[in-house]
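Read the structure below first, then the notes.
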Amino acid sequence: ETGVTQSPTHLIKTRGQQVTLRCSSQSGHNTVSWYQQALGQGPQFIFQYYREEENGRGNFPPRFSGLQFPNYSSELNVNALELDDSALYLCASSSSGVAYEKLFFGSGTQLSVL
Amino acid sequence: AQSVTQLDSQVPVFEEAPVELRCNYSSSVSVYLFWYVQYPNQGLQLLLKYLSGSTLVESINGFEAEFNKSQTSFHLRKPSVHISDTAEYFCAVSLFSGGYNKLIFGAGTRLAVHP
């Protein structure tokens with residue numbers, strides 16, 4: 001098992017810019033979810049990809065978008081950054097996405113928007 | 001709508017003392033419940049989960065949690081904590097809707113173990 005890895009670990013952007021965050025899923029996992037963890041809060045679900053298709057989305061605007069690639073790595077893209085987008089972004093992978101399954105989380109990307 | 005409430009944002013405790021981290025959930029359907037732990041500068045790791053069957057579930061490092069359906073609670077306990085248990089603990093409920101599954105997390109409880 002190689003684990004879930006995310007890059008970069010830290011990122012500083014200014015308001016209005018665009019950002020791309022990357023995630024490499026655990027080997028054999030075809031489902032990836034992205035979560036936003038604001039300071040002092042629990043992670044909030046952004047969206048989920050299963051076999052390169054988005055199959056679920058939380059309460060986030062369309063400027064949050066994603067991709068999942070054939071090797072099951074994925075990206076989170078955020079356009080027109082706002083100050084409130086400052087948060088820790090977590091990627092989590094699983095082998096099937098069923099409700100009772102354990103999620104494997106990466107260490108996250110800390111995004112600061114100035 | 002499902003939600004998770006963690007009643008304590010911070011819990012300070014001395015080493016070797018017992019601890020309880022409280023979690024309540026709201027749901028109109030059967031749920032799967034989880035506790036995840038986040039050590040500094042690391043991602044979340046699954047501590048334990050309740051799916052069905054015995055209402056008392058245990059982790060490999062001495063934590064246990066009891067599912068109480070009537071009180072809609074899933075409190076986490078450990079009889080004797082160590083310095084290394086210092087971390088952020090998140091309670092979560094699994095929601096399946098629209099053909100996909102997501103976790104709904106509480107705001108977290110920061111456990112600080114002092115010598």
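The values are calculated or read from the model by the stated rules, or taken from the named source; none is laboratory data. Small disclaimer: the values here were computed from a predicted structure and weren't measured. Counting neighbours? That spans all protein chains shown, and the Cβs are built from the backbone with ideal geometry, glycine included. What goes into the accessible areas is simple: the full protein's heavy atoms, side chains included, and nothing from ligands, DNA or RNA. Shrake-Rupley method; radii C 1.70, N 1.55, O 1.52, S 1.80 Å.
General remarks:
- For segment A:28-51, a residue qualifies if it is loosely packed, with under 12 Cβ neighbours inside 10 Å and in contact (Cβ under 8 Å) with a residue 24 or more places away in the chain, and the qualifying residues are A:Gly28, A:Leu39.
- The condition (being surrounded by fewer than 17 Cβ atoms within 10 Å (Cβ to Cβ) and either touching a Ser or Thr at 6+ places or on another chain (Cβ under 9 Å) or within 11 Å of another protein chain (Cβ to nearest Cβ) (or both)) is satisfied by just one residue among A:Ser95, A:Ser74: A:Ser95.
- Yes/no for A:Ile12 being part of a strand (DSSP E or B), closer than 21 Å to B:Ser94 by Cα and either away from chain B (no Cβ under 13 Å) or not basic (Lys, Arg) (or both): no
- Scanning segment B:89-102 for residues that are in contact (Cβ under 8 Å) with a residue 40 or more places away in the chain and either within 7 Å of another protein chain (Cβ to nearest Cβ) or open to solvent by 10 Å² or more (accessible area, probe 1.4 Å) (or both) gives B:Phe90, B:Ser94, B:Leu95.
- Restricting attention to segment B:28-45, the residues that are open to solvent by 40 Å² or more (accessible area, probe 1.4 Å) and either in contact with a strand residue (DSSP E or B) (Cβ under 7 Å, 6 or more places away or on another chain) or more than 13 Å from chain A (Cβ to nearest Cβ) (or both) add up to 4.
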